[in-house]
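First the structure, in the form of structure tokens, and then the observations on it.
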Amino acid sequence: MLRAYVQNLRTHLAEVSRVVAPGGLVVYSVANSVRAGRIFDLAAGLAQLLDEVGFSDVHAVPRVQAGRRILPPGRDARSGRFSSDPRKAGVREYVVYGAARL
């Protein structure tokens, strides 16, 4: 399942790379996932895929989460399910962006 997700994302990003004007920016907001106590660094993975399909100046910047979040406050460390309980395992959000090559 994860392999299919990554392949679909790679296909999507290759198409985005094809249609974005040279020098244009793409920006994604993502959050790292916690499953069974392990952190999956989705932000770094997305940044790597952007680089692989031809974007330049790729960055993954932590998103300031003061009061406004993309996702619920956390995930249960064992199940990985989202929780509205802020005492659960936190999810760090990122803004990942890159420029289409000139």
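For segment 30-60, filtering for residues that are surrounded by fewer than 20 Cβ atoms within 10 Å (Cβ to Cβ) and more than 20 Å from residue 12 (Cα to Cα) leaves 7.
Collect the residues in segment 1-58 that are among the charged types (D, E, K, R) and touching a residue at least 24 places away in the same chain (Cβ under 8 Å), keeping them in residue-number order.
Our first condition is that a residue be among the charged types (D, E, K, R); within segment 1-58, this holds for 3, 10, 15, 18, 35, 38, 41, 51-52, 57.
Of everything in segment 1-58, those that are among the charged types (D, E, K, R) and touching a residue at least 24 places away in the same chain (Cβ under 8 Å) turn out to be 10, 35, 51, 52, 57.
Go through segment 8-56 and count every residue that is in a strand (DSSP E or B) and within 10 Å of residue 100 (Cβ to Cβ). Summing the residues that are in a strand (DSSP E or B) and within 10 Å of residue 100 (Cβ to Cβ) in segment 8-56 gives 4. A single member of 67, 98, 80 is part of a strand (DSSP E or B) and either surrounded by 15 or more Cβ atoms within 10 Å (Cβ to Cβ) or modelled with pLDDT under 85 (or both), and it is 98.
Consider residue 60 carefully, then state whether it is in a strand (DSSP E or B) and touching a Phe, Trp or Tyr at 6+ places or on another chain (Cβ under 8 Å).
Working: in a strand (DSSP E or B): yes; touching a Phe, Trp or Tyr at 6+ places or on another chain (Cβ under 8 Å): yes.
So residue 60 fits the description; yes.
The values are calculated or read from the model by the stated rules, or taken from the named source; none is laboratory data. Computed from a predicted model, the values in this text were never measured in an experiment. Glycine also receives a Cβ, built like all others from the backbone with ideal geometry; neighbour counts cover every protein chain displayed.
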